[in-house]
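Encoded as structure tokens, the structure appears first; notes follow it.
Bear in mind these aren't lab numbers, they're just calculated from the coordinates by the rules spelled out. None of the values given here were measured: they were computed from a predicted structure. Every residue, glycine as well, gets a Cβ built from its backbone with ideal geometry; the counts of neighbours run over all protein chains shown.
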Amino acid sequence: MPTKTRLSRWSRRQVVAGLGGLAAYAAIRPARAEAPSGAPIKIGQALALTGPFAQTGLVHKIVSEYFVERLNKHGGLLGRPVEYTLLDDQSKPDVSRTLYERLITSDKVDLILGPYGTASILAAMGVAQRYRKVFIQNTMGISALATYEWHFSALVSGPEPQHTLPNKILDCYASTGNPPKTIAVVTSKFPSAEDMTKGMQLVAKDRGLTEVAFLEYDVGNRDYGPIAARIKDADPDFMFMGCLGVEGNQLLEALSQVGYSPKRHFYLYPSGLLAAYPPADRALSLTNFEDVPPYTASPEGAEFAAAFDAKAKEQGLPYPYVDSQAGNEYSGWQILVAAVTATKSLDDKTLAQWLDQNSVDTLAGRRNFKGKWHTSEADLQQMRQAQKGRWVAVFPQDKATPGVKLIAP
Amino acid sequence: MPHLSLIEQSLVTGLLSGGLYGLLALGLSMSWGLLRLVNIGHFAMALLGAYLTWFMGTQLGIAPWLSGPIIIAAFFLYGIALHWVFMRFGVTEMQSMLITFALAVIVEASIQTLWTADFRRFETPWGRQSWIAGSLYVPKLNLLAFLVAALLAASTWAWLRYTYVGRALRACAEDAPIATAFGINHRGLSFLLSGLCAAYAAVAGLFIALVATLAPSEIWTWIGVVFAVVIIGRLGNPLGALAGGILIGVCEALTMAMVNPSWAPLVSFSVLIALLLFRPRWI
């Protein structure tokens, strides 16, 4: 029979070699996670999906949904599928408070993650404290307000960012050998922006900079023309802007209209769009994740960056690239999953005790919670600069994007 | 003491901002003064006009000078329809405020649903361009908005003062039954005026799209200052609306330049209270 004839051609040595090859392949092939089974683990979160913070809320939504999808693809959590409940807090702290009550008491989620924005976080944290839930958040601007002992910050800005950040900015510019001598401080009256701005003023004074202008404006300010005129009039070596969202773009537009371009400029919480705005070229900001090396050097970072960029383009985000906002949300999930995996428990007290004593590997690097109010022990953030329409890491130099240099006069 | 150039530049900026305030106030002032309808929905329609300009410009590739007439005509028809509803149900001055407030909320929610709460910016080649006169920079689009506001205010004033229709409208505002007894078609004229007020909202929206960043909640940021402008400029007075806008714009800009930008929101109502206390003849 033809089949028999064909089989008879195989020698015993060939068969043994083939089986050996199969065994070797089985040993080195990537481990395929088993599909999660059993009752799902419920994780709940409220985000600003509508209202003034919806633009940023959407970034967090994309990350959370991607993380859960990836987690379930890789075997779930403790071998069980993860069921993610996402609610819309409409950018309102009072709604956020109600939704976390609902998540805990009505939806009966096993674990929660914090919402977006300082005010909503504070509102939700009160609920978490009442029900003794571990509370991990990633966007709280004023760490000192997070006094709940089971609160953990996914941010890596350290316990005193209002001191470390201004020093980092000035160190960054000093690294060029031509540090600024005068500073103009422009800030929104939004609480977390004001807090950081006060720190900037104090540090600048300590380091001998002369403050040539201090300009505060209300949230929702419409007219940046007179502010631009005053900055032009003061002509500082360095302009610090304690801004939120598109306020940075608005001031830069007004500055262009009066024919002025800041020599050195920093923006506290800018919209991702800022980098793509031509007058923002050379603007500095903070980061701990972008879709450029060194952040994408790790396989997980590269996978996340590629997946986020694709989803952001699909959802029509104006700046469709991953940045630290998305990275912080991802880190929040990594912290929660690390604690559950290490303790094999969903008990909030057990998780809190573990996080209190251990370090976690996140996209922002290995970090612990030894800082006051369970922030990171040190400020691990980097400086990024808008160059050719994209954010790139520029400082500290060992964390800079390869081939990129800080541009400053 | 601030430099003279800073004060001069702030005066220019304030003057131009005042033009936009005046443009927004024009339709509201006419509706309130001559139709006795307090149309809070005017702000929402202006922002809707801005979003439509942005949408047609960025998504459909229609330039503002082409989309503008389409939006203005559509808004004119909307104004007539709205007034028909008001007439049909006999809406009073106070009721109009509540109904149009609800309308503004509906428009805000619709904008948010259609275009999300993301900030939107209509980038044009002229957005960051200015004319330079000595040490002064005059932003081109803001100047254009000011000139259009001035032209509309002046032509509306002349129309009300020198034409039969304008005089008839003023007569109706004074005493509608008597005006009707003299053969004035009060109903028809009020439809025309309501359509015009909505069209003014569209014009304001066109310029808001060109000079400002858009977000659905922007509707509410204009209300306080524009109401002050309308009252300072006197109800139903187109030139007054422009003058009130300029007064507030200049005062705000000087406050921002000489004191602190955070003081600017106090200006509009402080000026209004001061004027009400001293009661100049025009208020």
Handout entry: Candidate aspartates and glutamates for bridging to residue A:311, where Cα separation is under 19 Å - those fewer than 8 sequence places away on the same chain excluded
Key = A:65, A:69, A:290, A:291, A:300, A:303, A:323, A:329, B:118
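Compute the projected area of the convex hull of the Cα atoms of region B:4-278, averaged over all viewing directions, and report it in nm² to one decimal place.
Values: hull surface 62.2 nm².
The number I arrive at for region B:4-278 is 15.6 nm².
So what is the diffusion coefficient of region B:87-128 in µm² per second by Stokes-Einstein at 25 °C and 0.890 mPa s, using a Kirkwood Rh over Cα pairs? All intermediate terms of the calculation are to be shown ahead of the outcome.
Details: Rh = 13.1 Å.
Using the Kirkwood radius from Cα pairs, D works out to 187 µm²/s.
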Completion exercise
Along the dipole axis of the protein assembly as shown (charges at Cβ: +1 for Lys and Arg, -1 for Asp and Glu; origin at the Cα centre), the most positive-end residue among B:32, A:351, A:62 is A:62
Practice task
Using only Cα atoms, locate the centre of region B:152-218 and the centre of region B:56-115, then give the distance between them in Å, rounded to an integer.
Solution key: 15 Å
Problem - Rounded to 10°, Cα long-axis angle of helix A:12-28 versus longest principal axis of chain A - result: 30 degrees
Exercise for the section: Starting with the highest mean, order A:122-130, B:170-178 by the number of other Cβ atoms within 10 Å, averaged over the residues of each peptide. Expected result: A:122-130, B:170-178
Exercise for the section: Springs between alpha-carbon atoms under 10 Å, Gaussian network over chain A: tell me which of A:386, A:352, A:39 tops the mean-square fluctuations. Expected result: A:39
Completion exercise
Longest principal axis of chain B (C-alpha) makes with the long axis of helix B:218-233 (C-alpha) an angle, in degrees to the nearest 10, of 70 degrees
Handout entry: Highest-MSF residue in chain B out of B:209, B:153, B:264 [GNM, Cα springs under 10 Å]
Key = B:264
Handout entry: Cα-Cα pairs of region A:307-409 separated by more than 23 Å (percent)
Key = 43 percent
Completion exercise
Checked against the positive end of the charge dipole of the protein assembly as shown (+1 on Cβ of Lys and Arg, -1 on Cβ of Asp and Glu, about the Cα centre), the farthest of B:199, B:146, A:71 is A:71
Practice task
Along each of the three principal axes of the Cα atoms of region B:1-159, give the extent in whole Å, ordering the values from largest to smallest.
Solution key: 57, 36, 32
Fill in the blank from the handout: Given Cβ charges of +1 for Lys and Arg and -1 for Asp and Glu, the option among B:157, B:250, B:264 whose Cα lies farthest towards the positive end of the dipole of region B:4-278 is B:157
Practice task
Can you tell me what the convex hull of the Cα atoms of region A:192-324 projects to on average, as an area in nm²?
Solution key: 9.3 nm²
Practice task
For region B:4-278, give the magnitude of the charge dipole about the Cα centre (Cβ charges: +1 Lys/Arg, -1 Asp/Glu; no others), in debye to the nearest 20.
Solution key: 440 debye
Practice task
Arrange A:217, A:319 by Cβ neighbour counts within 10 Å, fewest through most, would you?
Solution key: A:319, A:217
Problem - Distance between region B:130-148 and region A:112-187 - C-alpha centres, whole angstrom - result: 41 Å
Problem - Subset of A:92/A:232; A:198/A:370; A:232/A:313 violating a 28 Å alpha-carbon distance limit - result: A:92/A:232; A:232/A:313
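Work through the residues other than residue B:126 whose Cβ is under 15 Å from its Cβ and net out their charges, Lys, Arg +1 and Asp, Glu -1. Intermediate results must be reported in sequence, preceding the final value.
Working: positive: B:121, B:128, B:140; negative: A:253, B:123.
Once positives and negatives cancel, what remains is +1.
How large is the dipole of chain A about the Cα centre if only Lys and Arg carry +1 and Asp and Glu carry -1, each at its Cβ, rounded to the nearest 20 debye?
On the way: 44 positive and 41 negative charges, 383 e Å.
That gives chain A a dipole magnitude of about 1840 debye.
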Problem - Local electrostatic count, residue A:201, Cβ distance below 12 Å [Lys/Arg +1, Asp/Glu -1] - result: -2
Practice task
Would you mind checking the radius of gyration and Dmax of region A:144-225 based on alpha-carbon positions, in Å?
Solution key: 15.0, 45
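By count of other Cβ within 10 Å, fewest leading, how are B:221, A:350 ordered?
Details: B:221 19, A:350 16.
Ordered from fewest to most neighbouring Cβ atoms within 10 Å, B:221, A:350 come out as A:350, B:221.
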Handout entry: Nonlocal amide H pairs with residue A:182, under 5 Å, H built at 1.01 Å
Key = A:210, A:237, A:238
Fill in the blank from the handout: Within the set A:100, A:224, A:330, GNM on chain A using Cα springs under 10 Å gives the largest fluctuation to A:224
Completion exercise
When B:132, A:104, A:183 are arranged by how many other beta-carbons sit within 10 Å of their Cβ, fewest first, they go B:132, A:104, A:183
Completion exercise
Share of Cα-Cα pairs in chain A beyond 37 Å, whole percent, is 28 percent
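Determine the shielding of peptide B:10-17 by partner chains: average, over its residues, the number of Cβ atoms on other chains within 10 angstrom of each Cβ. Display every interim value, and only then the final one.
Details: counts 5, 2, 3, 10, 3, 0, 3, 4.
Mean shielding by partner chains, rounded to a whole number: 4.
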Practice task
Principal axes first, then extents: for the Cα atoms of the protein assembly as shown, list largest minus smallest coordinate on each axis, whole Å, largest first.
Solution key: 115, 70, 58
Handout entry: Span per principal axis, largest first, for the Cα atoms of region A:33-125 (Å)
Key = 41, 27, 16
Exercise for the section: Give the distance, in whole Å, between the Cα centre of region A:269-292 and the Cα centre of region A:352-391. Expected result: 19 Å
Handout entry: Amide H partners (placed H, <5 Å) of residue A:152, local residues excluded
Key = A:135, A:136, A:137
Fill in the blank from the handout: Compactness summary of region A:268-349: radius of gyration and Dmax from Cα atoms, Å, are 15.5, 51
Exercise for the section: Lys and Arg at +1, Asp and Glu at -1: add these up for the other residues within a Cβ distance under 12 Å of residue B:160 and post the number. Expected result: +3
Handout entry: Amide H within-cut-off set for residue A:112, under 5 Å, with H built and near neighbours excluded
Key = A:44
Problem - Principal-axis tilt of helix A:191-206 within chain A, Cα atoms, nearest 10 degrees - result: 60 degrees
